[in-house]
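FYI, it's all coordinate maths here, none of it is from the lab. The shown structure was predicted, so the numbers you read here are calculated from the model rather than taken from an experiment. Cβ: placed from backbone, ideal geometry, glycine included. Neighbour counts: every protein chain shown.
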Amino acid sequence: MKPEEFIAFRWLSALFTGGLFHLINGNLIILIVGFLIGYQLPALWLTTKEKKRIKEFNNGLPGMITSMVGSLRAGFSLPQSLQMVADESYSPIKEEVELVLKKMRYGTSLEDALLEWKERIPSEDLELMVEAIVIQRQVGGNLAFLLDKIVETIRGRAKIQNQIKTLTAQGRLSGIIISLLPAVLGLIIYFMNPSYIGMLFTNPIGIGMLVAGVVGGIIGFIFIRKITTIEV
């Protein structure tokens, strides 16, 4: 999908969702809420796809480096090792390595192609591998041994990250539930009895309470995320 197509899709989604909310309830506020939700849904979908692709890339990176180590120990050069990885790997590793090789065939040096790869993919594991290769090509050394140690580091860090996610899952889930519960409950009450909760949107005191509640919910969610986020 081209960028201009994605922008057009966001506006279409906003108009469709806003119109749908307006059909369900003719209130102007509900129409605006539906419009904003529809406008943000494609961006949320894109972010989800990006995170999924990066996660798949990080999961396949240790296997890719292991294949490179085997090729280097068999006597192949680094570009040849990358070519073997591109021939044997699956998406998204395959596409990314093929793009690096394509840049090299067009005249880009190996170091520049790897640095562009690191900038394109926000992966700490990839950054570690690229920096190790660039430094090795400048000062020399056993690249296969170096990459083998990087694989051990990546797998050890992934193991610790999985353990941390398991231990903090309850706290992260509590943060999501606490943040969404007031909004969902208010929406349900509004559809069941609009006049009962309508004072919150018309009375100045009610509007102030809504603003205070939203700000407090956001602050609470941020604090819970900070507590349950542990960098490895």
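Numerical summary
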{"read-out": "C-alpha center-to-center spacing [the stretch 136-209, the stretch 49-76] in angstrom", "value": "27"}
{"read-out": "Gain in span if fully extended, LEU146 to LEU41, counting 0.36 nm per residue against the direct Cα distance", "value": "33.5 nm"}
{"read-out": "For the chain: lysine pairs under 18 Å (alpha-carbon distance), excluding those fewer than 8 apart on one chain", "value": "19"}
{"read-out": "J(HN,Hα) series, the stretch 19-33, from Karplus relation 6.51 cos²θ - 1.76 cosθ + 1.60, nearest Hz, glycine and proline x", "value": "x, 5, 5, 5, 5, 5, 9, x, 6, 5, 5, 5, 4, 5, 4"}
{"read-out": "Reported label for calculated semi-axes √(5λ) of the Cα gyration tensor in Å given (i) 26, 24, 17; (ii) 49, 23, 13; (iii) 29, 17, 17", "value": "(ii)"}
{"read-out": "Inter-probe distance in nm under a simple model that places probes 7 Å from Cα toward Cβ, at LEU185 and GLN136", "value": "5.7"}
{"read-out": "Paramagnetic label zone (point 7 Å from Cα along Cα-to-C-beta, ILE176; backbone N under 20 Å) in the stretch 43-57", "value": "43-56"}
{"read-out": "Cα-based shape type of the stretch 60-100, given that a ≥ b ≥ c are square roots of the gyration tensor eigenvalues and the cut on a/c is 1.5", "value": "oblate"}
{"read-out": "Relative contact order (%) - the stretch 159-228, alpha-carbon pairs under 8 angstrom, separation at least six", "value": "44"}
{"read-out": "Relative contact order, percent, the stretch 59-143 [alpha-carbon distance under 8 Å, six or more residues apart]", "value": "20"}
{"read-out": "R0 of 25 Å, Cβ-Cβ distance GLU95-GLU5: FRET efficiency to nearest 0.05", "value": "0.75"}
{"read-out": "Tensor-based shape of the stretch 81-133 (alpha-carbon gyration tensor, a/c under 1.5 rounded, otherwise prolate or oblate)", "value": "oblate"}
{"read-out": "Rounded to whole Hz, the Karplus (6.51, -1.76, 1.60) HN-Hα couplings of the stretch 90-102, x for glycine and proline", "value": "10, 4, x, 4, 4, 5, 5, 5, 4, 5, 5, 5, 5"}
{"read-out": "Peptides 73-79, 202-208 ordered by average Cβ neighbours within 10 Å, highest first", "value": "73-79, 202-208"}
{"read-out": "Between helix 78-88 and the chain: long-axis angle, C-alpha atoms, 0 to 90°, nearest 10", "value": "60"}
{"read-out": "Cα-based shape type of the stretch 159-228, given that a ≥ b ≥ c are square roots of the gyration tensor eigenvalues and the cut on a/c is 1.5", "value": "oblate"}
{"read-out": "Environment charge of LEU128, counting only residues whose C-beta is closer than 11 Å and scoring Lys/Arg +1, Asp/Glu -1", "value": "-1"}
{"read-out": "Computed over the chain: relative contact order in percent, which uses C-alpha pairs under 8 Å that are six or more apart", "value": "13"}
{"read-out": "Residue-by-residue Karplus 3J(HN,Hα) for the stretch 167-183, coefficients 6.51, -1.76, 1.60, Hz, glycine and proline x", "value": "6, 9, 4, 5, x, 5, 5, 5, x, 5, 5, 4, 6, 8, 4, x, 5"}
